[in-house]
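S.K.: I have a structure here, written as structure tokens, and I will follow up with some questions on it.
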Amino acid sequence: MTVSRTLHSVCALDCPDGCALLIDIDEHGRGSKLRGNPDHPVTRGFLCGKVARYLDHEYSSARLLYPLRRIGAKGEGRFARISWDEALDEIAQRLHSAANEFGPESILPYSYAGTMGVLNFGGMDRRFFHRLGASRLDRTICSTAGMVGMNDAVGYRYAVEPEQFRNARLIIAWGANIMGTNVHLWPFIVEARRNGAKFYTIDPFQNRTGKLSDRHYSINPGTDAALALSMMHVITRDGLEDRDYVQRHTLGFAELKERVREWTPDRAAQLTGLSAQDIVDLAREYATTRPAAIRLNYGVQRSERGAMSVRTIALLPALTGAWRDAGGGIQLSTSYAFHLNANAVEKPELQFQSRLGRESRIVNMALLGEALTTLSDPPVKALVVYNSNPAAIAPDQNQVRRGLRRDDLFTVVLEQIQTDTADFADIVLPATTFLEHTDLYKGYGHYYLQLARPVLPAPGEARSNQDVFRSLAARMGLSDTCFTDTDDDMIRAALASGHPFLSGITLEKLEQNHFVRLNMPAPFLPFAEGGFGTPSGKCEFHAETLDYQPPVESRHGDQSLKSRFPLELISPKNDDNMNSTFASRAENNALTDTVTLHPTDAAARGIRPDDRVRLFNERGECSLRAVVAATVGQGVVCARSTRWPKLAGDGQTVNMLTSQRLTDKGGGPSFYSCLVQAEKIS
Ligand SMILES: Nc1nc2c(c(=O)[nH]1)N[C@H]1C(S)=C(S)[C@@H](COP(=O)(O)OP(=O)(O)OC[C@H]3O[C@@H](n4cnc5c(=O)[nH]c(N)nc54)[C@H](O)[C@@H]3O)O[C@H]1N2
Ligand SMILES: Nc1nc2c(c(=O)[nH]1)N[C@H]1C(S)=C(S)[C@@H](COP(=O)(O)OP(=O)(O)OC[C@H]3O[C@@H](n4cnc5c(=O)[nH]c(N)nc54)[C@H](O)[C@@H]3O)O[C@H]1N2
Ligand code: SF4
Ligand SMILES: [Mo]
């Protein structure tokens, strides 16, 4: 096969790395190979294993090619082909009738980050639903608890640049599976270690990243705030804070010192499961090594007290002055820095022109089960799903499914493949992949803005989300001129925010360069000289509100619940999947069919390796194959996510077990605070 040309693209998956791609196109116009762009400073010429194989997905015989209408029962998966005209007519008519009978808020969009492209993530769709007066979705499923925690700590949610990690002398991956979920940070860590840096992991599960670390701290789930408070105890007790930084750029140090006095290493040891000596050593090393970088990913904030955990951890670099250094500070997400003009893209003001004439109600996506089964005034009568697979990824699936099965609920699903969610649809619409449509990309693990143009033709009759919502707007008689904006019009609008980080970045420049670094100093040291986004401009400790509370569903939480369901289930990401996007690959289905138990917990239940195990609690059950290993602590079980329920033998996955209890702040789901019992299936 000869390569006739090489084109540029961007990986649109929900991954911090936001890779710049090169695709080889053969003489028949077919994509023959995907590679990382060697010129992109973070992609550096390589891709993760799952996307290196993305052309399998692109050309899979499982791609949806035509609009479909359901002919079987909901969830059964029997459909017949219809035309786009029929599909759009039916959707327009059903949305009109829901709005007429129950009010427009009975329409609920449900979407997340199947694509991270600014427009196809949230562009024409937002305009469309705002103009209708549909319920607004609070997109909490992933990161809002952490965002609020970070905000409470530093105000402006800026982060250490990935490229600066190479300068660090100590790197802590705190609830961050870098090898699995953020592999383009790894080469910078390798470089730092070559220069003598130490690399530690703090995680209840010793995954690949933990195995490659110099020290793995096996922490009890949901106890991170206790560890961070105790580290502050040691740092302030031993006078290891950066006095000059603390004095000039923080507020409330004296109260903080007083507040953490009770957080002795012995107390934190009892909660976290780490030894008191380990806590002392870690705190001292963190405070006395410079530069020191913390890569905090989203694992920590998927617990009931996730926002407080993130906030407490995010105060550490201000205490030690780590923000001063290139390669010092903390990285949760870089996305805040992009400062695009979201209002110009989404046009929230259209709500006032809707028949509602006001802002519509907000529905939390983490509570989809409740929304579909208990919400009234109005109830949800029409659901439009895109960029997401809620019948796999949302918590408390039994309630979600009760909702999706309702006969009086009209469901539309825009998808590339026939997911579990698509099985519940009345109408399925075939969607393009990121190789087939235009979009603009931020990153959440670097500071480069990128543009991608279609590099391959859409198969069959697949359409982009942008095109679908444009056509639907026309079909529903919405004549506002914004519904005829082109993708390029919308990209220009997004870039025109006036923020200095975007100055000089135009569509033309992106077209030419493919990726452009935000217009910020290099290195970007956001808080080296203070300048926090708080009322005082300082990092405000607010010691009076710092505390540790155990998650209700944890070993230190509700003891009567724990007596029945004594194991803490976490369900972190699978290294070769992307949430549920590649769940139909056989090896991912096999991996997500396993649960890891500590040898003591397995022995107590007569469970041996490869036994089938039933995990259960009051919400549901699922059966998995046992892996027995001390990669989890005693009392913790770990089952990687996310599986397609229809590919599980019993149709059940760990999300049958997870709850709709929300995090302390931010309204996030608490996937990793989940008590279960395990028994051997004989
Ligand atoms: N390969 C792959 N990459 C992905 C994804 C994927 O599914 N697969 N998903 C993408 C998405 S949507 C996201 S949000 C990011 C997430 O990226 P990460 O946040 O890195 O991934 P998680 O697996 O959610 O959690 C990270 C680690 O937190 C640990 N953890 C769980 N509970 C606790 C706790 O209480 N305390 C501490 N300290 N650690 C805890 C988990 O065991 C896990 O190893 O990754 C993205 N990238
Ligand atoms: N137990 C457990 N559950 C979890 C998590 C966990 O760690 N444990 N993680 C949670 C997290 S962090 C997240 S972010 C969510 C993720 O949950 P989702 O956002 O639902 O992510 P995916 O499962 O990847 O599903 C994305 C879907 O979008 C489709 N898609 C991709 N591009 C396009 C497009 O351009 N148009 C359209 N119409 N469709 C497209 C893909 O085919 C795919 O089926 O899952 C959450 N659920
Ligand atoms: S999933 Fe992440 S690491 Fe893999 S190619 Fe996409 S952006 Fe890069
Ligand atoms: Mo996520």
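The values are calculated or read from the model by the stated rules, or taken from the named source; none is laboratory data. In this text, all values refer to a predicted model and were calculated from it rather than measured experimentally. Cβ atoms come from the backbone with ideal geometry, glycine included; neighbour counts cover every protein chain shown. Accessible surface is based on the protein model in full, side chains and every heavy atom, while ligands, DNA and RNA are left aside. Shrake-Rupley method; radii C 1.70, N 1.55, O 1.52, S 1.80 Å.
S.K.: Being aliphatic (A, V, I, L, M), in contact with a Phe, Trp or Tyr (Cβ under 8 Å, 6 or more places away or on another chain) and not assigned by TED's automatic domain parsing to the domain that holds ALA366: is that true of ALA197 here? Working first, answer last.
M.R.: Values: aliphatic (A, V, I, L, M): yes; in contact with a Phe, Trp or Tyr (Cβ under 8 Å, 6 or more places away or on another chain): no; not assigned by TED's automatic domain parsing to the domain that holds ALA366: yes.
For ALA197, the condition - aliphatic (A, V, I, L, M), in contact with a Phe, Trp or Tyr (Cβ under 8 Å, 6 or more places away or on another chain) and not assigned by TED's automatic domain parsing to the domain that holds ALA366 - is not met.
S.K.: Same structure again: Taking segment 23-46, which residues are assigned to a loop (DSSP other than H, G, I, E, B), within 18 Å of ARG453 (Cβ to Cβ) and among the charged types (D, E, K, R)?
M.R.: Across segment 23-46, the qualifying residues are ARG30, ASP39.
S.K.: TYR447 - would you say it is touching a Lys or Arg at 6+ places or on another chain (Cβ under 8 Å), open to solvent by less than 20 Å² (accessible area, probe 1.4 Å) and outside the structural domain of LYS74 (by TED's automatic domain parsing)?
M.R.: yes
S.K.: Do we find that PRO378 is within 25 Å of the chain's Cα centre (by Cα), assigned to a loop (DSSP other than H, G, I, E, B), modelled with pLDDT of 95 or more and not hydroxyl-bearing (Ser, Thr, Tyr) in this structure?
M.R.: So PRO378 does not fit the description; no.
S.K.: Where in segment 49-115 are the strands (runs of 3 or more DSSP E), entirely inside, with at least 3 residues that are in contact with a Lys or Arg (Cβ under 9 Å, 6 or more places away or on another chain) and touching a residue at least 60 places away in the same chain (Cβ under 8 Å)? Write out each step before concluding.
M.R.: Working: elements: 68-70, 79-81, 107-111.
Strands (runs of 3 or more DSSP E) meeting the threshold: 68-70, 107-111.
S.K.: Check segment 132-146 and report whether any residue there is more than 30 Å from ILE313 (Cβ to Cβ) and part of a helix (DSSP H, G or I).
M.R.: Yes, some residue in segment 132-146 is more than 30 Å from ILE313 (Cβ to Cβ) and part of a helix (DSSP H, G or I).
S.K.: Further, regarding this structure: If we scan segment 374-389, do we find a residue that is more than 30 Å from ALA168 (Cβ to Cβ), of a type in the set (Phe, Trp, Tyr) and open to solvent by less than 30 Å² (accessible area, probe 1.4 Å)?
M.R.: At the first step, the residues of segment 374-389 found to be more than 30 Å from ALA168 (Cβ to Cβ) are 374-389.
After this cut, where a residue has to be of a type in the set (Phe, Trp, Tyr) as well, the list is 386.
Subset that is open to solvent by less than 30 Å² (accessible area, probe 1.4 Å): 386.
The answer is yes; a qualifying residue exists.
S.K.: If you don't mind, another one. Tally the residues that are out of contact with any strand residue (DSSP E or B) (no Cβ under 7 Å at 6 or more places or on another chain) and surrounded by 19 or more Cβ atoms within 10 Å (Cβ to Cβ), restricting the search to segment 337-355. Before you say what the answer is, go through the steps one by one.
M.R.: Of all residues in segment 337-355, those out of contact with any strand residue (DSSP E or B) (no Cβ under 7 Å at 6 or more places or on another chain) come to 337, 339-355.
After this cut, where a residue has to be surrounded by 19 or more Cβ atoms within 10 Å (Cβ to Cβ) as well, the list is 337, 340, 345-347, 350-351, 354.
Summing the residues that are out of contact with any strand residue (DSSP E or B) (no Cβ under 7 Å at 6 or more places or on another chain) and surrounded by 19 or more Cβ atoms within 10 Å (Cβ to Cβ) in segment 337-355 gives 8.
S.K.: Which numbered condition in (1) touching a helix residue (DSSP H, G or I) at 6+ places or on another chain (Cβ under 8 Å); (2) under 24 Å from THR419 (Cβ atoms) is the only one that THR43 fails?
M.R.: Going through the list (1) touching a helix residue (DSSP H, G or I) at 6+ places or on another chain (Cβ under 8 Å); (2) under 24 Å from THR419 (Cβ atoms), THR43 breaks only (2).
S.K.: If you take the residues in segment 579-619 that are of a type in the set (A, V, I, L, M) and open to solvent by 20 Å² or more (accessible area, probe 1.4 Å), which one is nearest to ligand 1 (Cβ to nearest atom)?
M.R.: Initial filter on segment 579-619 (of a type in the set (A, V, I, L, M)): 583, 586, 590-591, 595, 597, 602-604, 607, 613, 615.
In the following step, the residues that additionally are open to solvent by 20 Å² or more (accessible area, probe 1.4 Å) were identified as 586, 590-591, 603-604.
Values: ALA586: 17, ALA590: 16, LEU591: 11, ALA603: 23, ALA604: 22 Å.
Per the stated criteria, the residue is LEU591.
S.K.: Give the residues of segment 645-661 that are away from ligand 1 (no atom under 13 Å from the Cβ), in a loop (DSSP other than H, G, I, E, B) and either free of Cβ contacts under 8 Å to residues at least 24 places away in the same chain or open to solvent by less than 40 Å² (accessible area, probe 1.4 Å) (or both), sorted by residue number.
M.R.: ALA648, GLY651, THR653, LEU657, SER659, GLN660 - these are the residues of segment 645-661 that are away from ligand 1 (no atom under 13 Å from the Cβ), in a loop (DSSP other than H, G, I, E, B) and either free of Cβ contacts under 8 Å to residues at least 24 places away in the same chain or open to solvent by less than 40 Å² (accessible area, probe 1.4 Å) (or both).
S.K.: Could you check segment 111-141 and list, in sequence order, the residues that are within 16 Å of ligand 1 (Cβ to nearest atom), open to solvent by less than 10 Å² (accessible area, probe 1.4 Å) and not small (Gly, Ala, Ser)?
M.R.: Across segment 111-141, the qualifying residue is only THR140.
S.K.: Have a look at ASP408, ASP485, ASP489, ASP420 and point out the one that is modelled with pLDDT of 95 or more, of a type in the set (D, E, K, R) and open to solvent by less than 20 Å² (accessible area, probe 1.4 Å).
M.R.: ASP420
S.K.: From the list PRO526, PRO521, which residue is farther than 25 Å from ASP85 by Cα, part of a loop (DSSP other than H, G, I, E, B) and without any contact (Cβ under 8 Å) to a residue 12 or more places away in the chain?
M.R.: From the options PRO526, PRO521, the qualifying one is PRO521.
S.K.: Moving to a separate point now. State all residues of segment 162-195 that are open to solvent by 40 Å² or more (accessible area, probe 1.4 Å) and out of contact with any Lys or Arg (no Cβ under 6 Å at 6 or more places or on another chain); if no residue qualifies, say none.
M.R.: ARG166, ASN167, ARG169, VAL190, ARG193, ARG194, ASN195, listed by residue number.
S.K.: Quick one: in segment 22-57, of everything that is touching a Gly at 6+ places or on another chain (Cβ under 8 Å) and within 16 Å of ligand 1 (Cβ to nearest atom), which residue is most open to solvent (accessible area, probe 1.4 Å)?
M.R.: This residue is PHE46.
S.K.: Turning to a different aspect of this structure: Answer with yes or no whether THR545 is surrounded by fewer than 21 Cβ atoms within 10 Å (Cβ to Cβ) and over 20 Å from TYR298 (Cβ atoms).
M.R.: For THR545, the condition - surrounded by fewer than 21 Cβ atoms within 10 Å (Cβ to Cβ) and over 20 Å from TYR298 (Cβ atoms) - is met.
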